Amino acid sequence: MEIKKVGVLGCGLMGSGIAQVAATAGFETVVREVAEEPLAKGFSAIENSLAKFVEKGTLTAEQREEIRKRLRGTTSLEELSDCDIVIEAIIENLELKCDTFRHLDSICKPETIFASNTSSLSITEMMTATSPERQRRFIGLHFFNPVPIMKLVEVVRTILTDDDVYEQAVRFAERLGKIPVRTSDRTGFIVNRLLVPYLLDAIRALEEGVGSIVDIDTAMRLGCGHPMGPLTLCDFVGLDTTYYIAEIMFNEFREKRFAPPPLLKRMVKAGLHGRKSGRGFYDYT
Ligand code: CAA
């Protein structure tokens, strides 16, 4: 089976980006949200991103028009039933994801590949919500924020993933213009396994008075050539998301390096969720 039609579940930060790159790569794409308002918000983010590419000259106005034609929004799950691959990018709630996949399994054609963009939940657990045949066609496709810019996709296999399906998913990531890396269903995969302890350690360094927020970020930007310092990156990812991922990883591995530091917990409790809330380590208002 050749992948022609792509379904995306969720039109938030990640879902809108995934839908955008799928339509840009030439796939007929349908993206589903639970209501019109978040759908409109997602489409507005896509428009902003496409405008940046047009401004830069990497996309023509005609190409943007073609992308718009290939991309459709819906609030109905049923409209994803004839997709060749469905990529789930809804909130990181295992129960909700399982319910959604269970429903999708009953309406999608047997060949449809199911993929989750989860960063830290178990692909295997989600997979068990579907029928034995579908379980062989279940993978993780983990994209990075901002999706239209970041080149990497982690392609995640479970113990039951069919070899052909897995290779097809790797090729699909390439057709999206991304660089795939192969990994297995172990919490955090490759990137968060290495990134999360680093981000948490930067917060611990701040707690210990090793340096100021700006100095810690400057040190890693200029000392290691990172595009963003770790505390800026925490704000960018979202402190609530960073905390949530750290909790899942700590619960899975019981290793101190994944334990969320008290400062992170307090900032999240205080509503300082980073860039999206207007304040995190930095003030964005
Ligand atoms: N769409 C289109 N273009 C975009 C864009 C978007 N959504 N976001 C940024 N750009 C473009 C800008 O227009 C700009 O273009 P020019 O260079 O041609 O002017 C370019 O990207 C750079 O953007 P900025 O000048 O605004 O800022 P920057 O140089 O700092 O780059 C960045 C922004 C690409 C985000 C860069 O800082 C970066 O790579 N940061 C690290 C991001 C990162 O680590 N992401 C992974 C987070 S972890 C994750 O996602 C997974 C998880 O599980 C938590």
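Using amide H atoms built 1.01 Å from N in the peptide plane, name the residues 5+ places from Arg279, or on other chains, whose amide H lies under 5 Å from its own.
His273, Gly274, Tyr284
If you plug each phi of the stretch 119-125 into the Karplus form 6.51 cos²θ - 1.76 cosθ + 1.60 with θ = phi - 60°, what whole-Hz ³J(HN,Hα) values come out, in order, with x for Gly and Pro?
9, 8, 7, 7, 5, 4, 5
Determine the per residue accessible area of the chain with all protein chains present and a 1.4 angstrom probe, expressed in square angstrom.
Working: 13610 Å² over 285 residues.
Result: 48 Å² of accessible area for each residue.
Residues with beta-carbon under 11 Å from that of Asn117, excluding Asn117: net charge, scoring Lys, Arg +1 and Asp, Glu -1? List each step's numbers first, then the result.
Values: positive: Lys97; negative: Glu88, Glu92, Glu154.
Here the count lands on -2.
Go through the stretch 1-87 and name the GluC sites (Glu not before Pro) that are in a DSSP coil and have 14 or fewer other Cβ atoms within 10 Å of their Cβ.
Working: sites: Glu2, Glu28, Glu33, Glu36, Glu47, Glu55, Glu62, Glu65, Glu66, Glu78, Glu79; in loops: Glu2, Glu33.
Answer in residue order: Glu2.
Which residues' amide hydrogens lie under 5 Å from the amide hydrogen of Lys5, considering only partners 5 or more residues apart or on another chain, with H built in the peptide plane?
For Lys5, whose amide H was placed from the backbone, the distant partners under 5 Å are Asp84, Ile85.
Hey, if you put +1 on the Cβ of every Lys and Arg and -1 on every Asp and Glu Cβ in the chain, which of Gly211, Leu80, Ser119 ends up farthest toward the positive end of that dipole?
Gly211
Carbon-plus-sulfur fraction of the accessible area of the chain, 1.4 Å probe, in percent?
On the way: 7440 of 13610 Å².
In the chain, the share of accessible area belonging to carbon and sulfur is 55 percent.
Loop only by DSSP, 11 or fewer other Cβ within 10 Å of the Cβ. Give me the chymotrypsin sites (Phe, Trp or Tyr not before Pro) in the stretch 238-285 that pass, ordered by residue number.
Those satisfying the criteria are Tyr284.
Charges only on Cβ, +1 for Lys and Arg, -1 for Asp and Glu: so what's the dipole of the stretch 146-226 about the Cα centre, in debye to the nearest 20?
220 debye
How many percent of Cα pairs in the stretch 105-239 exceed 25 Å? Spell out each step's value before the answer.
Working: 3445 of 9045 pairs.
It works out to 38 percent of all Cα pairs.
What range in the chain is the longest one free of trypsin sites (Lys or Arg not before Pro) that are in a loop by DSSP and have at most 14 other Cβ atoms within 10 angstrom?
Formally, the longest exposed-site-free interval is 5-150.
Straight-line reach from Lys256: which lysines fall under 19 Å, measuring Cα to Cα and dropping same-chain residues less than 8 apart?
The reachable lysines, counting only those whose Cα sits under 19 Å from Lys256, are Lys265.
Summarise the long-distance tail of P(r) for the stretch 24-176 by giving the % of C-alpha pairs beyond 28 Å.
Result for the distance tail: 20 percent.
Report the relative contact order of the chain, percent, no decimals, based on alpha-carbon pairs under 8 angstrom and at least 6 residues apart.
RCO, the chain: 13 percent.
Would you give the gap between the C-alpha center of the stretch 142-192 and the C-alpha center of the stretch 1-19, rounded to a whole Å?
Rounded to whole Å, the Cα centres lie 14 Å apart.
How large is the convex hull of the C-alpha atoms of the chain per residue, in Å³? Provide the component values of the computation, followed by the final result.
Details: hull volume 38.3 nm³, N = 285.
It comes to 135 Å³ per residue, whole-number rounded.
For the stretch 214-255, which GluC sites (Glu not before Pro) are in a loop by DSSP, counting at most 16 other Cβ atoms within 10 Å?
When the GluC sites (Glu not before Pro) of the stretch 214-255 are filtered for loop state and at most 16 Cβ neighbours within 10 Å, Glu255 remain.
What are the principal axis extents of the Cα atoms in the stretch 163-285, in Å, biggest first?
Extents along the principal axes: 50, 31, 28 Å.
Could you tell me which helices of the chain pass both thresholds, a Cα extent of 15 Å or more along their own axis and a mean Kyte-Doolittle hydropathy of at least 0.5, with helices taken as whole DSSP H runs?
Correct list, ordered by number: 13-24, 191-207, 213-224.
For His226 and Val214 in one chain, what is 0.36 nm times their gap in residues minus the Cα-Cα distance, to one decimal in nm?
Separation in residues times 0.36 nm, less the Cα-Cα distance, equals 2.9 nm.
The values are calculated or read from the model by the stated rules, or taken from the named source; none is laboratory data. Model, not experiment: these values are computed from the prediction. Neighbour counts run over all protein chains shown; Cβ positions are idealised from the backbone, glycine included. All accessible areas refer to the heavy atoms of the entire protein, side chains included, with ligands and DNA or RNA removed. Shrake-Rupley method; radii C 1.70, N 1.55, O 1.52, S 1.80 Å.
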